[in-house]
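Encoded as C-alpha cells, the structure appears first; notes follow it.
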Amino acid sequence: MNDKISIILPVYNVEPYVGKCLESVLAQTHENLEVICVDDGSTDRSGQICREFAERDSRVVVLHKENGGLSSARNAALKTFTGDYVSFIDSDDWIEPDMYELLLGALKKCSEVDFSAGGYFMDYPDGRSIPARNAVEIKAQAISPSDYLYYAYQRDLYRGVAGFGCGKLFKRKFFDSPLNLRFDEAYPVGEDVYPLAFCALHSKKIFYTPKPLYHYYQRETSLSHDIRKSLSFSDADAYELVVESLEGKPEYRNACAYAKRFLVYHASLIMEHTISVRNKEKTAELREKIHRYLDVYLETNAEYPDRIQRIHQLLTEADGLLNE
C-alpha cells in the first residue's frame, strides 16, 4: 500500500500527555504511517515513553536533540521524513481514529487539492470537549486558497477553520525543492502562522471539512498560553509576514484585512504586558505596529464596540507610559 503519511511530533516535557497522543495516532484507520517523535531535550520521561512506543511499533521513529524549540524540532524531522504526505501534531493533543483516512481520501479524490484540513475540538482539563463551530456554514468541499485564508482569519464567523498547522495533511511537495518550506526557529510562538499561509499561496485548491478531527488541548502551561507574559513579538511578526505575502493580491484582499486584524490583536496582547512592566522600548514598537493597521482593525471590528473601546484605552495607556 502506497500513500505513506509522515507524522511529525515534537516532544518536550509532556510526560502526562504524549502517551495518549501516540495511542491516537497509532490507532488510525489508515495504517501506512511514519511517526517521527522529536525529543527536544526533555528533562522528564517524555523521550523514554516515545522509545517504549517505538519498541512496540516499528512505525514509530524517535530522534533526540538538544532543546531548540518547536520549530527546531519540526525542522529536524523534515530532514528525515520519507512519506508521500506530511502532518503535524502537538504532543499534548490527540486525533480522531479516521482523521487521516478522511483527509487522505479528500486529497486523492481531487488532483488539484494540495492539502486538506478538518475541524477541531477544544478540550479542557475538566474533561469538556467542545467542537469549534462555524457561525456561517461551510460544506465539506475543495475551496480556493483565498477563501480558505479568509475563513481561517475571520474567526468571528468561521471559528471551526483552524489557522494553525496541526490537523491537516500536506503533500510532500511543500517540503521538497523548490519550495523547501521550513519553520523559522526564531519564533517561540506563532511558528506555523506563516507556513500555513505559504502552503495556501502555493496551492491550487484546499479541501476543508467542518467535521472535528483534531483535539486541541487547552493546557494552561503550554507555550501558546504564555503570550501575555512574553516580550516576544513572534506572533505579531508572523502575521506581518502573512500581510506582506498577501498585500497587493486582489483575490486576497479580504484575507489580508483579517490578517491585519489578527496582527493588531496579537500586538495588543503583548503590549498589555509591556505596559504593565513599564517597558517603554517594546511598548513603542508595538504601538507603531498597531497604528499601522489601526484603521483596518477598527473597520473589521465595527460590530464589536467593546474591542474598539479596548484598543483605544490600550493606546491611551501606551501614550501615557511613553510620555512619562
Task: Integer Hz, Karplus 6.51/-1.76/1.60 couplings in order for the stretch 128-133, x for Gly and Pro - done: 5, 10, 10, x, 6, 10
Open item on the list: Compute the helix-to-body angle for 46-56: its Cα long axis versus the longest principal axis of the chain, expressed 0 to 90° and rounded to tens.
Closed with: 30 degrees
Open item on the list: With a cut-off of 8 Å between alpha carbons and a minimum separation of six or more residues, what is the relative contact order of the chain in percent?
Closed with: 16 percent
TODO: Tell me which residues come under 5 Å, amide H to amide H, from Glu34 once H is placed; ignore anything under 5 positions away on its chain.
DONE: Ile5, Ser6, Ile7
TODO: Provide Thr209, Thr80 in ascending order of the number of other Cβ atoms located within 10 Å of each residue's Cβ, fewest first.
DONE: Thr80, Thr209
Open item on the list: By the 4.7 Å beta carbon criterion, which cysteine residues of the chain come out unpaired?
Closed with: Cys21, Cys110, Cys166, Cys199, Cys256
- [ ] Among Phe53, Ser72, Trp94, pick out the residue whose Cα is farthest towards the positive end of the charge dipole of the stretch 50-97, where Lys and Arg carry +1 and Asp and Glu carry -1 on C-beta, about the Cα centre.
- [x] Ser72
Task: Entries in Lys173/Lys204; Lys79/Lys173; Lys109/Lys260 that, when Cα-Cα distance is taken, lie over 23 Å - done: Lys109/Lys260
Task: Ellipticity estimate at 222 nm from DSSP helix runs (n ≥ 4, -39,500 (n - 2.57)) divided over the chain, nearest 500 - done: -13000 deg cm²/dmol
TODO: Run through all the Cα pairs of the stretch 5-225 and give the fraction in each 5 Å bin from 0, expressed as whole percent.
DONE: 1, 7, 15, 20, 21, 18, 11, 5, 1, 0
TODO: Among DSSP beta bridges lying fully in the chain, give the percent that are antiparallel, nearest 5.
DONE: 35 percent
TODO: May I ask you to sort Ile138, Ile36 by Cβ crowding, counting other Cβ atoms within 10 Å and putting the fewest first?
DONE: Ile138, Ile36
- [ ] Whole number please: convex hull volume per residue, Cα atoms of the stretch 230-322, in Å³.
- [x] 81 Å³
TODO: Could you please state, rounded to a whole Å, how far the C-alpha centre of the stretch 10-31 is from the C-alpha centre of the stretch 42-109?
DONE: 8 Å
Open item on the list: Check which residues have an amide H placed less than 5 Å from Trp94's amide H, if you skip close sequence neighbours.
Closed with: His215, Tyr217
Task: Ranked list, fewest to most other Cβ atoms within 10 Å of each Cβ, for Asp90, Asp98 - done: Asp98, Asp90
- [ ] Multiply the residue separation of Asp126 and Gln218 by 0.36 nm, subtract the distance between their alpha-carbon atoms, and state the gained length in nm to one decimal.
- [x] 32.1 nm
- [ ] Any chance you could run the full-extension gain for His64 through Glu299? It's 0.36 nm times the residue separation minus the Cα-Cα distance, nm to one decimal.
- [x] 79.8 nm
TODO: Restrict the search to the stretch 238-270; then list the GluC sites (Glu not before Pro) that DSSP places in a loop and that have at most 13 other Cβ atoms within 10 Å of their Cβ.
DONE: Glu247
- [ ] Just name one of Gly41, Gly118, Pro145: the one whose Cα is farthest towards the positive end of the charge dipole of the stretch 5-225 (beta-carbon charges, Lys/Arg +1, Asp/Glu -1).
- [x] Pro145
TODO: Report, in degrees rounded to the nearest 10, the 0 to 90 angle that the Cα long axis of helix 305-322 makes with the longest principal axis of the chain.
DONE: 70 degrees
- [ ] Using a Gaussian network model of the chain whose springs link C-alpha atoms within less than 10 Å, name the residue from Val136, Val189, Val113 with the highest mean-square fluctuation.
- [x] Val136
- [ ] Could you run the Karplus curve 6.51 cos²θ - 1.76 cosθ + 1.60 with θ = phi - 60° over the stretch 162-179 and give me ³J(HN,Hα) per residue in whole Hz, x for Gly and Pro?
- [x] 7, x, 9, x, 7, x, 9, 10, 10, 5, 5, 4, 5, 10, 9, 5, x, 6
Task: P(r) tail fraction, the stretch 1-82 - alpha-carbon pairs more than 18 Å apart, % - done: 36 percent
TODO: Count neighbours as other Cβ atoms within 10 Å of each site's Cβ, and list the GluC sites (Glu not before Pro) in the stretch 73-146 that are DSSP loop with at most 14 such neighbours.
DONE: Glu112, Glu137
Open item on the list: Explain nothing, just the number: dipole magnitude of the chain about its Cα centre with +1 on each Lys and Arg Cβ and -1 on each Asp and Glu Cβ, in debye rounded to the nearest 20.
Closed with: 600 debye
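Coordinate-derived values only; no laboratory data. The structure displayed is predicted, hence computed values, not measured ones. No Cβ is skipped: glycine too gets one built from the backbone with ideal geometry, and neighbour counts run over all protein chains shown.
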